[in-house]
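Inspection log for the structure reproduced underneath, given as structure tokens.
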Amino acid sequence: MPRQKKVQETKKAFRVGYVALIGRPNVGKSMLLNRLLGQKIAIVSNKPQTTRISILGIHTTDKGQIIFIDNPGIHKPLHKLNKRMMDFVYSSLQTADLICLLIDATQKYGHGDEFVLDILKNVRTPVFLLINKVDIVKKENILLIIDKYKDLHPFKEIIPISAVRGTNVDVLENLIYDNLPESEKIYSDDEISDQSERFLLAEIIREKVLNHVEKELPWAT
């Protein structure tokens, strides 16, 4: 009898890299981060500039390790705090292996979007365009958004998603792995963030304050 050849299983490469989540305020960056991680580490509020520093969210699977950088919303800085927030954004753009630009499908294209795309003009890192909140927008409107944005920047991928419902989040995760370099783990399997437990608890308290007060809210909260 002819000897059967042993078929060796090809071990898939382990992918590791930093992925910057950027976009205008309130487009759903923190909501998406929580969805991708399967747990809450970033607070969510309808108040602008809720996220004030970059927060790492670490997602480790058998495919690799994605280190997400959740950034403050991109805006033209007019004050010292705003300039510091934008410094976090610029820093993440320089260190990221991949950039995910989130836009809100319910909002019309405007000067704020032009400002974001202008920042990306000098960026050589691959950029995914994530059209968020597609669960509450008609399909024909999403197609119009895709048609407009595809000519504004050479996006590596354009993906309609819903951070709230999880629509296409699995597709996004797989595409991210495909575009990260082969590498060893940077963080251990049980690490989910670079922030301390004290910081995360303080952020949850700040989230509750933001969601329950309006005009009397001090920005120092």
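The values are calculated or read from the model by the stated rules, or taken from the named source; none is laboratory data. In this text the structure is predicted, and so the values were computed from the model without any measurement. Keep in mind that these areas ignore ligands, DNA and RNA; they rest on the heavy atoms of the full protein, side chains included. Shrake-Rupley method; radii C 1.70, N 1.55, O 1.52, S 1.80 Å.
Note that segment 146-155 has calculated 3J(HN,Hα) couplings of 4, 4, 6, 6, 5, 9, 9, 7, x, 5 Hz, one per residue in order, obtained from phi through the Karplus relation 6.51 cos²θ - 1.76 cosθ + 1.60 (θ = phi - 60°); glycine and proline are x. The 1.4 Å probe gives accessible areas that order Asp87, Asp151, Asp135, Asp62, largest first, as Asp62, Asp151, Asp87, Asp135.
Heavy-atom accessible surface of Lys40, to the nearest 10 Å², is about 100 Å², with a 1.4 Å probe and all protein chains retained.
Close amide H pairs (under 5 Å, H built 1.01 Å from N) link Ser193 with Ile58, residues at least 5 positions away or on another chain. Structure note, pairs Lys80/Lys121; Lys63/Lys185; Lys29/Lys185; Lys29/Lys63: Cα-Cα distances above 21 angstrom occur for Lys80/Lys121; Lys29/Lys185; Lys29/Lys63. Rolled with a 1.4 Å probe across the full set of protein chains, the surface gives Val134 an accessible area near 20 Å². Using a probe of 1.4 Å, the accessible surface attributed to Tyr177 totals some 10 Å² when neighbouring protein chains are kept in position.
Placing Arg15, Arg35 in order of accessible area, with the largest value first and a 1.4 Å probe, yields Arg35, Arg15.
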